[in-house]
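Chemist: Below are the structure tokens for one structure; questions will follow.
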């Protein structure tokens, strides 16, 4: 009788031990095979980032700087990639942790979303964390901006070329601490130059093309760029512009504040820009009025051509267009293809690092298009 009871008790104990061991094994298997909590949220379905590994080294958050806000780059604009520490090395901007690691979304202070890459299915999860800002990034003009239904009131901040953006993007002149009394105009070999890569009618280039064709009837213009079958090597971009007395800084479409690097390029290399874009007063918000020539200052293209030809033989009158160089300087802008959005992204990083306040969402289309 004792042997039977002892045997039954042993069997019971063995059953308990086997059950516990099985539960422990299942638990270990579950931990090892389950998705980790830091994986990208399934609903955060941005475009997949192929080749992302070469910038991963910039995404780690060092312990010494954890107080910096995190700016998440939701998608690389046009897939143009650059080193994330370029904001520090190029513009001395180091106010945020810039990252493209979307697994950090829930701890991110701001998310930068490139307009062309947005769709309802690729927006981050909603509702957003209460402290988080969504930044609408668009440096194109309204002519070249397609409305995407459903995103009108989901952003807190706007980033664009417009001065009334929450984050305006522009490479501006800098004031000289000491007046430059030794400025000399570089040697000029050509009268007028124009570098143009885009000639698609859909982008609003009709106005500038019409003016160029009329102007070229009365004066020789040296034209470079893909639009006219003559690609200009990046290394020759600034030297070519510098070799010309005048440069056609013609915008592809005409809108308030839409004044691009086409103005900055000639100013940076001491060439006089001939501008076609918004009114003169709009340009004078950003650069001195005697640093450029506006096509609207002349009744027609023939009159402009005659004026440029007079300046070609009047050194004293030509030099007056550089009086501004005594007090201001212009720095060359980035020109490599993958650098097109560096300034905009770094400007967003600077803003996030400086501004902690939170704004309510507003209708970006009503503001941007009207």
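The values are calculated or read from the model by the stated rules, or taken from the named source; none is laboratory data. In this text the structure is predicted, and so the values were computed from the model without any measurement. Neighbour counts run over all protein chains shown; Cβ positions are idealised from the backbone, glycine included.
Chemist: Checking residue 143 against (1) touching a helix residue (DSSP H, G or I) at 6+ places or on another chain (Cβ under 9 Å); (2) closer than 30 Å to residue 314 by Cβ, only one condition comes out false. Which one?
Modeler: (2)
Chemist: Might you let me know whether region 323-339 holds any residue that is under 26 Å from residue 213 (Cα atoms) and part of a helix (DSSP H, G or I)?
Modeler: Among the residues of region 323-339, not one is under 26 Å from residue 213 (Cα atoms) and part of a helix (DSSP H, G or I), which makes the answer no.
Chemist: Follow-up question, since we're still on this one. Select, from 259, 241, the only residue that is buried (at least 21 other Cβ atoms within 10 Å of the Cβ), on the phi < 0 side of the Ramachandran plot, at pLDDT 95 or above and part of a loop (DSSP other than H, G, I, E, B).
Modeler: 259
Chemist: Something else now. How many of the residues making up region 340-369 are under 20 Å from the mean Cα position of the chain (by Cα) and over 19 Å from residue 115 (Cβ atoms)?
Modeler: Taking region 340-369 as the starting set, the residues that turn out to be under 20 Å from the mean Cα position of the chain (by Cα) are 340-355, 364-365, 367-369.
Now drop any that are not over 19 Å from residue 115 (Cβ atoms), which leaves 350, 353-355.
Matching residues across region 340-369 total 4.
To keep it simple, each residue is scored yes or no on (1) in contact (Cβ under 8 Å) with a residue 24 or more places away in the chain; (2) over 27 Å from residue 364 (Cα atoms).
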{"site": "145", "(1), (2)": "yes, no"}
{"site": "155", "(1), (2)": "yes, no"}
{"site": "161", "(1), (2)": "yes, no"}
{"site": "189", "(1), (2)": "yes, yes"}
{"site": "209", "(1), (2)": "no, yes"}
{"site": "226", "(1), (2)": "yes, yes"}
{"site": "246", "(1), (2)": "yes, yes"}
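Chemist: Here is a further query. Please find, among 122, 89, 158, 143, the residue that is at negative phi and assigned to a strand (DSSP E or B).
Modeler: After applying the criteria, what remains is 158.
Chemist: A further question on this structure: Tell me which of these residue 329 doesn't satisfy, since it passes every other one: (1) over 19 Å from residue 187 (Cα atoms); (2) in contact (Cβ under 8 Å) with a residue 40 or more places away in the chain; (3) in contact with a strand residue (DSSP E or B) (Cβ under 8 Å, 6 or more places away or on another chain).
Modeler: Of (1) over 19 Å from residue 187 (Cα atoms); (2) in contact (Cβ under 8 Å) with a residue 40 or more places away in the chain; (3) in contact with a strand residue (DSSP E or B) (Cβ under 8 Å, 6 or more places away or on another chain), only one is false for residue 329: (1).
Chemist: Does region 145-160 hold any residues that are surrounded by fewer than 22 Cβ atoms within 10 Å (Cβ to Cβ) and farther than 18 Å from residue 343 by Cβ, and which are they?
Modeler: 145, 146, 147, 148, 149, 150, 151, 152, 153, 154, 156
Chemist: When you scan region 107-119, how many residues do you find that are in a loop (DSSP other than H, G, I, E, B) and surrounded by fewer than 22 Cβ atoms within 10 Å (Cβ to Cβ)?
Modeler: Counting residues in region 107-119 that are in a loop (DSSP other than H, G, I, E, B) and surrounded by fewer than 22 Cβ atoms within 10 Å (Cβ to Cβ) gives 3.
Chemist: Further question on the same structure: Going by the structure shown, is residue 353 modelled with pLDDT of 95 or more and surrounded by fewer than 17 Cβ atoms within 10 Å (Cβ to Cβ)?
Modeler: No, not satisfied.
Chemist: While we're here: Being under 14 Å from residue 353 (Cα atoms) and touching a helix residue (DSSP H, G or I) at 6+ places or on another chain (Cβ under 7 Å) is the filter here, so list the residues in region 75-90 that pass it.
Modeler: Scanning region 75-90 gives a single hit, 87.
Chemist: In region 163-185, what count of residues is obtained for those that are exposed (fewer than 13 other Cβ atoms within 10 Å of the Cβ), touching a residue at least 24 places away in the same chain (Cβ under 8 Å) and farther than 29 Å from residue 350 by Cβ?
Modeler: Of the residues in that region, 1 qualify.
Chemist: Same structure again: Give me the residue from region 125-140 that is in a strand (DSSP E or B) and touching a helix residue (DSSP H, G or I) at 6+ places or on another chain (Cβ under 7 Å) and, out of that set, farthest from residue 260 (Cα to Cα).
Modeler: It comes out as 135.
Chemist: Scan region 161-192 for residues that are closer than 28 Å to residue 339 by Cβ and part of a strand (DSSP E or B) and jot them down.
Modeler: Listed by number, the residues that qualify are 167, 168, 174, 175, 190, 192.
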